[in-house]
Structures are given as C-alpha cells and as structure tokens.
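Since every read-out is calculated from the coordinates, none of them should be taken as a lab result. Please read these numbers as outputs of a predicted model, since none were measured by experiment. Here the Cβ positions follow ideal geometry from the backbone for every residue, glycine too, while neighbour counts run over all protein chains shown.
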Amino acid sequence: MTKKFQILIGLMMVFALAACSNFKDNEETSAPKNETPAVAAEESANENEVNEEEKEKAEDEEDENELADDESIGVTMEEFTKVFNEKSAEANLDFTIGDMEWEDTEQGLKATTIELHEDVHLNGLVKEDGGDLKAVLLEVGGYESREQTIGLVQAIIESANPNVSDAETKGLLKELGLSDPKQDGDDSEKFIDKNGLQYLLSNESGNWLEFMIGNQNDPDIKEILEG
C-alpha cells in the first residue's frame, strides 16, 4: 500500500466541467428583400436570445446532476443506510447497518465505525450531525469470500449514488478489477473519478481490501493525492 493511500485511510480513521449542449439553427437566416436592416438585426437578436435561453436551460439541467458541494458525496448516513440494507438483503448478503455512535475528530468532523462482521468494518465521516457524508470506507480483513466482498463493494457504490444504473455499477466494478469473484486481489491500487465521486481501492492479495468513496474535489483528498 502506498504512503498516500495509508494517509487517506488514516484520515478516515481519525476522524465535466458540465458538458454544454450546442444548439445549431439549421435554417439559414437572412432578411427578406422587403425588410430593412434594422428589422433583420432585431430578428437576429431575438433568435440569439432564444438560443441563449435554451443553452442556460440545458446547463441548469446538467447542474441538477452535479454534487451540491465539494466536500460531501451527496447522501446522508441515514439515506446511505436505508439503501445499503435494502441492497444487502436483495443480494443475500449477511450484513446490516444498525445503531451507530458518532465521535468528534481532531479535525472538527464526526466519525463512526460500524462492525458489519468481525472482519468487516464500515466507517463514515460527516461534517455535522445529520449532514451529508464526507466519505465512507469499507475494510475487509480477508476472511470473507471474494463473492461476498464484491457484493459489499457493489452495495456501497449503489448506496453512495442511488441514481447509478446497473450498467454503470458493473462498469465501475470492472475498472476496479472486482468483476470476477474467482480472481484474488493483486496488490493493486485504483483511483477512479466518476460523476463527481472518487473511488479509491486497495485490493490486496488474500482478499484483504480497503475501499473508499469520497468527493473527487474534496480538498482533503486532493491535497493528499497531489502532494
């Protein structure tokens, strides 16, 4: 495990540019012979105004899909828990998030550690009570089956981003190297940015695994990765 990833894990434990739609007018605009230049100019200005309004509307729709800020993943722990427990039951995973206790960190944040099993721990980090999650971290100690571990990662991805499609989830798991339950960890580390979120994976041999989801623009994560 690299030093950068160790620092990221330590941080947890202590607790595009939107694409603009281009609108093209396929009809040639020109002033009729009986129109004055002033009338033609006015019509052209009105047309440009309409196009600009359409462009702004498209940008607003794109903005609705972006994360609200640069320091959270866009869901509260309560929302994350509800989806996780549903996904875990659907996949026949023997893991459920129950009661949890939050502790203050030296950084002024609040952190919780949930024991899903004796070798499976889920950590959450928030800025304030009831606020959106800043990040979540899964730790698997190597005793679970590979299939269960991949199922856990999938449930966490779907819980952190309830709007993610099945195709997007499968694609992400493939990028992370977690698509084949018969394939053991290969001591690799992956850092993947998708839809405003950053997925960090330390995939060690023997099915030891650490998986973290945070905001790709989070200054704490960026400072470590760029340092």
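Past 24 Å, Cα to Cα: identify those pairs from Lys82/Lys182; Lys82/Lys170; Lys127/Lys190, in the order given.
Working: Lys82/Lys182 30 Å; Lys82/Lys170 21 Å; Lys127/Lys190 26 Å.
Among Lys82/Lys182; Lys82/Lys170; Lys127/Lys190, the Cα-Cα distance tops 24 Å for Lys82/Lys182; Lys127/Lys190.
Considering only the other residues whose Cβ falls under 15 Å of the Cβ of Ser179, what net charge follows from Lys and Arg at +1 and Asp and Glu at -1?
Numbers: positive: Arg146, Lys170, Lys174, Lys182, Lys190; negative: Glu147, Asp166, Glu168, Glu175, Asp180, Asp184, Asp186.
Computed value for this residue: -2.
Let a ≥ b ≥ c be the square roots of the eigenvalues of the Cα gyration tensor of the range 157-227; is it rounded (a/c under 1.5), or, if not, prolate (a/b larger than b/c) or oblate?
oblate
Answer rounded, prolate or oblate for the range 92-211, using the Cα gyration tensor with square roots of eigenvalues a ≥ b ≥ c: rounded when a/c is under 1.5, else prolate when a/b is larger than b/c, else oblate.
The shape class here is prolate.
Which value, in debye to the nearest 20, describes the size of the charge dipole of the range 96-222 about its Cα centre when Lys and Arg Cβ atoms bear +1, Asp and Glu Cβ atoms bear -1, and nothing else is charged?
I would put it at about 540 debye.
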